[in-house]
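The values are calculated or read from the model by the stated rules, or taken from the named source; none is laboratory data. As the structure is a prediction and not an experimental result, all values here were calculated from the model. Counting neighbours? That spans all protein chains shown, and the Cβs are built from the backbone with ideal geometry, glycine included. Areas reflect the complete protein model, heavy atoms only, side chains present, ligands, DNA and RNA absent. Shrake-Rupley method; radii C 1.70, N 1.55, O 1.52, S 1.80 Å.
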Amino acid sequence: TVIVNDTPTITYGTISGYARFADQNNSLDHAGIIVSIEGTDFEAITSRDGSFILNNITDGNYSLNFTDSNHITQTKVITVVAGATTTIDDVSLIAKTGNLRGKV
C-alpha cells in the first residue's frame, strides 16, 4: 500500500489457482509442485489438493512457472491487478517419460 495525498492506494494483488499432476487426477497427492514468478523471489508450493496462493504481488504482467522434477514444466503469462485476486485456469503437469536400454 502506498500513501498518496493522505489516501492509501493498493498496489498489490494476489494470484491463486490449482496445479495438479495429470497422471493423478482423482487423488489428493498433488502437493509439492513449485509455483514461481519468473525473475522474482516469489514462489509457493501446492498443497495436497493442488491449490496455491501468492500474496502481495505488485500489479503488472508476469510469467508464472509450474515445476516438478518428474514432470514437464509449464508457464502461464498472467496479469496481476492491484487490490484483486487473479485466479488462473487449472494447470495439469504431464509426467516426463523416457526409455532405458542396456545390459545388466
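Below are the figures for this structure:
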read-out	value
Check on Thr46, within 26 Å of Ser27 (Cβ to Cβ), open to solvent by less than 100 Å² (accessible area, probe 1.4 Å) and of a type in the set (Ser, Thr, Tyr)	yes
Scan of the stretch 82-104 for residues that are hydroxyl-bearing (Ser, Thr, Tyr) and surrounded by 10 or more Cβ atoms within 10 Å (Cβ to Cβ), ordered by number	Thr85, Thr86, Thr87, Ser92
Among (1) over 30 Å from Thr97 (Cβ atoms); (2) modelled with pLDDT of 95 or more, the one test that Thr7 misses	(2)
Subset of the stretch 41-56 that is part of a strand (DSSP E or B) and not aromatic (Phe, Trp, Tyr) - its residue that is nearest to Thr11 (Cα to Cα)	Asn56
Contacts under 9 angstrom Cβ, first residue in the stretch 77-90 being part of a strand (DSSP E or B), partner among the acidic types (Asp, Glu) and open to solvent by 70 Å² or more (accessible area, probe 1.4 Å), 6 or more apart	Thr79/Asp59; Val80/Asp59
Number of positions in the stretch 50-81 that are open to solvent by 50 Å² or more (accessible area, probe 1.4 Å) and over 15 Å from Gly17 (Cα atoms)	9
Criterion violated by Ile34 - all others in (1) of a type in the set (A, V, I, L, M); (2) in contact (Cβ under 8 Å) with a residue 40 or more places away in the chain; (3) open to solvent by less than 80 Å² (accessible area, probe 1.4 Å) satisfied	(2)
